[in-house]
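Peer 1: Please see the structure below; I have some questions.
Any read-out appearing in this document is the output of simple, stated calculations on the displayed coordinates, not a laboratory observation. The shown structure was predicted, so the numbers you read here are calculated from the model rather than taken from an experiment. Glycine also receives a Cβ, built like all others from the backbone with ideal geometry; neighbour counts cover every protein chain displayed.
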Amino acid sequence: MTQSSPTATFLTQEAFDRLQAELADLETNKRPEVVARIEAAREEGDLRENGGYHAAKEEQGKLEARIRELTVLLRDAVVGEAPDFDGKAGPGTVLTVRFDGDDEDTTFLLASREAAGGDLDVFSPQSPIGEAVTGHGAGDTVEYKAPNGSGIKVTIVAVEPFHG
């Protein structure tokens, strides 16, 4: 098995192929469509008051950001199975947790949102909760700071490998 960084994004072949198809569509179809709309709006004259031009430029910015995001993700992704599962939370694991004060468990995937492609909630390994739970197993209680600065305590109920 090849070595990978602790924050590597593991993708199934299906997810990799789906994201590659999305990238190809954005580059081949969507990008030229947006460029054509910008050019058409430019020909209408005064760009300061041209809503179509500004909307198309904003769409172009979002499109180019998504293209860059997918390019980096696909370049750095590890396709295939995640490393051997050691029972600890890490990228590519599904966690069931209970937040302090809650009566119900919450289940989520610890990965990039692109890896899921389904109904499961996804938290980034670099998020506050992701960093707090990484390396911990069932029965462990960890605490982290929410974006608003308050402390949140969570108990890990279960950790399983993701088979998406």
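Peer 1: Taking amide H atoms as placed 1.01 Å from N in the peptide plane, list the residues 5 or more away in sequence, or in a different chain, whose amide H sits under 5 Å from that of VAL79.
Peer 2: HN-HN under 5 Å from VAL79: LEU11.
Peer 1: What is the antiparallel percent of DSSP beta bridges lying wholly in the chain, to the nearest 5?
Peer 2: Roughly 80 percent of the beta bridges in the chain run antiparallel, per DSSP.
Peer 1: With the cut-off at 15 Å, report for the range 20-115 the share of all Cα pairs above it, as a whole percent.
Peer 2: 73 percent
Peer 1: Moving to a separate point now. Quick one: net charge of THR141's neighbours, Cβ under 9 Å, K/R +1, D/E -1?
Peer 2: Neighbourhood net charge equals -2.
Peer 1: While we're on this one: Over the chain, what is the relative contact order in whole percent, taking alpha-carbon pairs under 8 Å and six or more residues apart?
Peer 2: 24 percent
Peer 1: Report the longest stretch of the chain that contains none of the GluC sites (Glu not before Pro) sitting in a DSSP loop with at most 12 other Cβ atoms within 10 Å.
Peer 2: In short, 105-164.
Peer 1: Identify all lysines with a Cα-Cα distance to LYS30 below 25 Å; exclude those on the same chain that are fewer than 8 residues away in sequence.
Peer 2: Answer for LYS30, where 25 Å is the Cα cut-off: LYS57, LYS62, listed by chain and number.
Peer 1: Then there is this: Given H placed 1.01 Å from N in the peptide plane, which residues other than close sequence neighbours of VAL122 have an amide H under 5 Å from its amide H?
Peer 2: The answer is LEU109.
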